[in-house]
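The values are calculated or read from the model by the stated rules, or taken from the named source; none is laboratory data. Since the model is a prediction, treat every value here as computed from it, not as a measurement. In this analysis, Cβ positions are derived from the backbone assuming ideal geometry, glycine residues included, and neighbour counts consider all displayed protein chains. SASA here: full protein model, heavy atoms, side chains in, ligands and nucleic acids out. Shrake-Rupley method; radii C 1.70, N 1.55, O 1.52, S 1.80 Å.
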Number of protein chains: 2
Amino acid sequence: MGTDPPDSRIACFERLCRQRRLPLTPQRRAVLRFVVEREDHPTADQVCEAVRPQLPGISRASVYRVLDMLVRIGMLTKVCHPGSAVRFDPRVGRHHHLVCLQCERIIDVEDPRLNRVPLPDVRGRGFQINDYHIHFRGICAACLGKKNTRARTTRPVGRPRAGHRTGPTNRSR
Amino acid sequence: MGTDPPDSRIACFERLCRQRRLPLTPQRRAVLRFVVEREDHPTADQVCEAVRPQLPGISRASVYRVLDMLVRIGMLTKVCHPGSAVRFDPRVGRHHHLVCLQCERIIDVEDPRLNRVPLPDVRGRGFQINDYHIHFRGICAACLGKKNTRARTTRPVGRPRAGHRTGPTNRSR
DNA sequence: TATCATCCGATATTTAATATCAATCACTCG
DNA sequence: CGAGTGATTGATATTAAATATCGGATGATA
């Protein structure tokens, strides 16, 4: 369902709104249309900028409100990664993400094998698992391209002690 | 390594600091000690409040700085979930999390089977996967206890159209 | 078209996190 | 043990993300 073409998703959204007696405003249409047409996962700010040309007066607050509403009715999901604002994902079915540690891009990934991950036995702890989601962390193609831009997680901290080796010698500053 | 007892982790931290010529300040000790002694994953603010009694003058900025430094040298990892501030996790090895959708508690989970998740074939897209991490979403024991406090994700939006059924009838309010 | 609940835009506010800078402190070396 | 040096600290200001408020506007229904 989260992978249907944009028009189908808009139609689904309109149906949902009518069912729930939620007004179908131009703001809501525009925000949803933008997010479902994007391959990546825009932040609220990106949505705001992108929608302004078509809806000149739209306010930031409305974008936040509409996005939140779209999440609540199940048209979008939120994804989040340390260091960046929350992003919105038009796919609500189970799928997973590649997260670039360098540019924070979030890329969808789907693989039938990933739907057969065993659930941990947490009954002893009384936790009820509803769903799961895998973050694959790494470096995306674009960032691998621009070499030597070191990933945040591997940035050396401090300076090596002169005369002592503490593992591989840190090269640059 | 992320599961060693607190004292061992503190010792490891001191070794790291000496190796990298990073000053070993009381603030750094206190912050690290607090996080490694906690079962849950405190936010920067929680760390700040908890450390104040022992280190009355510690500033919020220092807590942020110290936590950031501890992440960079590999003593902690950041975990994040939509709707709450970043949390800090003393376990740096591969492990996974139960995320309560209601109270946002984050609970560690480890299961050898979860270390054998197949990596998706993303070579075509040029993404280099370094590691992965699974979020199991659901409701924790404490929240299951206080019944009828509806989970955020299942909160009905809008009102059902009178006379029409749109799936399971919404019961409360 | 009239009615009414809801939503929108503008604004202010909260919260999380970062930047700046003088004074202090930890570490090293003599 | 004491001085020198560079990084850290605390205070403050600032940025950024997200939410709250409220009068006026708008969509849905009849």
So which GluC sites (Glu not before Pro) in region A:19-64 end up in coil per DSSP with only 16 or fewer other C-beta atoms within 10 Å? A:39
For a quick check of your reading of the filter: which trypsin sites (Lys or Arg not before Pro) in region A:111-148 sit in a DSSP loop and have no more than 12 other Cβ atoms within 10 Å? A:146, A:147
Projected-area average for region A:1-92 over all orientations - Cα convex hull basis, square nanometres: 5.6
Between copies, how far does the label point of residue A:57 sit from its twins, in nm, shortest first, when each point is 7 Å from Cα along Cα→Cβ? 5.5
Label-point separation, residue B:85 to residue A:38 (7 Å along Cα→Cβ), nm: 2.7
Measure off 7 Å from each Cα along the Cα-to-Cβ vector at residue A:4 and residue B:12, then give the distance between these two points in nanometres to one decimal. 4.9
Two-site label geometry, residue A:24 and residue B:68: point separation in nm, points 7 Å out along Cα→Cβ: 4.7
Pulled fully out, how much extra length does the chain show between residue A:45 and residue A:131, if you take 0.36 nm times their separation in residues and subtract their Cα-Cα distance? 28.1 nm
So the label point sits 7 Å from Cα along the Cα-to-Cβ vector; using that for residue A:7, what distances do you get to the other copies, in nanometres, sorted shortest first? 7.1
How far, in nm to one decimal, is residue B:18 from itself in the other copies if the label point is set 7 angstrom along Cα toward Cβ? Shortest first, please. 7.4
Compare B:121, A:111 by solvent-accessible area with a 1.4 Å probe and give them largest first, with all protein chains kept in place. B:121, A:111
